[in-house]
Amino acid sequence: MKIEEESSLYREMNNEEKRFNQEEEDEEEESGRGREAWERTYADERSWESLQEDESGLLRPIDNKSLSHAQYRRRLRTATAARIQKGLIRYLYIIIDFSRAAAEMDYKPSRMVVVARQVEAFIREFFDQNPLSQIGLVILKDGVAHCLTDLGGSPEAHIKALMGKLGTSGDASLQNGLDLVRDLLNQIPSYGHREVLILYSALSTCDPGDILETIQKCKVSKIRCSVIGLSAELYICKHLCQETGGMYFVALDEPHLKELVLEHAPPPPAIAEFAVANLIKMGFPQRAAEGVISICSCHKEAKVCGGYTCPRCKARICELPTECCICGLTLVSSPHLARSYHHLFPIRPFDDVSPLVLKDFHKLPKNCFGCQLSILNPGNLPGPQVACPNCKQHFCLDCDIYIHESLHNCPGCESLRNAKTISDMEQ
């Protein structure tokens, strides 16, 4: 009797466990129903593995702001480690791999979409930091290199052309892409810095000839080639970067890809042959009157909008900076020239305020000198902050990034300089 009772009890426990498991599976199906496949992939990630603990073992929120600021500080220290000459007038071609490998979905929703998104952000950042430079786009598909846009200074034109040509097919030919950009970059003036940035998704290259000869030709032409891979490391890409003085990295995920791409926005060190001082003829065209019909020399068509007039040959152009199609004069505007000045004399990186100093927080300022917002944490304890090594003023992390990446002037130093000027005038 006891054996029968135990067996019946065991069967009831098994049935209850099966019913419980079935209910859990039904709940998971209901929660996953209505989501796309790529959304379920993100939902299934182990987000709890990134939780952090404090000294007492309690969970604390992840400070993404401090993590991003730490990455920015490392990049800033690397860029300003040495006072070296940089190329301010850059001619950059971006080669984008749109072969069938770009359709892989290890980057969500696909490599092609992610790369196009990062290229769009890079183009805007590039022209913000290099107003005198120009960009061109080249795509690789079906074993052929297609020139999507010529060298130009309009970010909207490049982005519009890129978004209108999204599509993957065939194989990628690295040699055809290098031959195409080498022929195009050989036509630019000698004072320009020739660069190529390659976003490569494939694990192989389908070339018609010896790519090693093409790499040597790029080296002779003083073209600096950098590659960012989206799959595994390739020897030929590494060899290309070593020979031409570029950088080669493989992205781990989308945030890492964004960081690698934006590292190419600031001007790189100048090649020794280009480090010689040159006098460059430049023209500063005036804005044409609105509503006047004239023929645009760059598009070869009549336009009504304003545009600019070349001071040498009086030709009509649409945008700046550019090179006049008629007389070949480099045309820029004075704001473009002024915005390039900060690369010659960059602001020194701000110093992190030591935790030992934070202990004596009664002597520290309570507000950021830049935005005037409080830099205190809950409990009136001092939060993370930095200090200018010259004026000793304290700034929050957001103002630190804004000053070094956008403003390019320290408000504390400028206020001291203005106060000194006023006192000298009074005396």
- prompt: Which residue, of Lys258, Lys222, is touching a residue at least 24 places away in the same chain (Cβ under 8 Å), charged (D, E, K, R), more than 25 Å from Arg111 (Cβ to Cβ) and buried (at least 16 other Cβ atoms within 10 Å of the Cβ)?
  reply: Lys222
- prompt: Residues of the range 119-147 being closer than 13 Å to Asp97 by Cβ and buried (at least 18 other Cβ atoms within 10 Å of the Cβ), which ones?
  reply: Val119, Leu137, Val138, Ile139, Leu140, Lys141, Ala145
- prompt: If you go through the range 115-126 one residue at a time, do you hit one that is in contact with a Lys or Arg (Cβ under 8 Å, 6 or more places away or on another chain), over 13 Å from Glu254 (Cβ atoms) and small (Gly, Ala, Ser)?
  reply: no
statement: The lone condition Gly246 fails out of (1) touching a residue at least 12 places away in the same chain (Cβ under 8 Å); (2) surrounded by fewer than 17 Cβ atoms within 10 Å (Cβ to Cβ); (3) outside any strand (DSSP E or B) is (2)
field: Residue satisfying all of: in the range 293-346; surrounded by 14 or more Cβ atoms within 10 Å (Cβ to Cβ) and acidic (Asp, Glu); nearest to the chain's Cα centre (by Cα) among these
entry: Glu319
Members of the range 183-201 found to be small (Gly, Ala, Ser) and either open to solvent by 30 Å² or more (accessible area, probe 1.4 Å) or touching a Pro at 6+ places or on another chain (Cβ under 6 Å) (or both), listed by number: Ser190
- request: Looking for whichever is closer than 23 Å to Val250 by Cβ, open to solvent by 30 Å² or more (accessible area, probe 1.4 Å) and hydroxyl-bearing (Ser, Thr, Tyr) here; the options are Ser204, Ser169. Which one fits?
  value: Ser204
- prompt: Out of all the residues in the range 100-118, which are part of a helix (DSSP H, G or I) and open to solvent by less than 30 Å² (accessible area, probe 1.4 Å)?
  reply: Ala101, Ala102, Arg111, Val114, Val115, Ala116, Gln118
Count - residues of the range 390-404 that are assigned to a helix (DSSP H, G or I) and buried (at least 21 other Cβ atoms within 10 Å of the Cβ): 4
- prompt: Which ones in the range 124-170 are of a type in the set (Val, Ile, Thr), closer than 20 Å to Cys318 by Cα and touching a Phe, Trp or Tyr at 6+ places or on another chain (Cβ under 8 Å)?
  reply: Ile135
statement: Subset of the range 370-389, residues touching a strand residue (DSSP E or B) at 6+ places or on another chain (Cβ under 6 Å) and not in a strand (DSSP E or B), comes to Gly370, Gly383, Gln385, Pro389
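The values are calculated or read from the model by the stated rules, or taken from the named source; none is laboratory data. Keep in mind that this is a model prediction, so the values were computed, not measured. Here the Cβ is made from the backbone with ideal geometry for all residues, glycine too, and neighbour counts use every protein chain on show. In case anyone asks, the SASA skips ligands and DNA or RNA and just uses the protein heavy atoms, side chains included. Shrake-Rupley method; radii C 1.70, N 1.55, O 1.52, S 1.80 Å.
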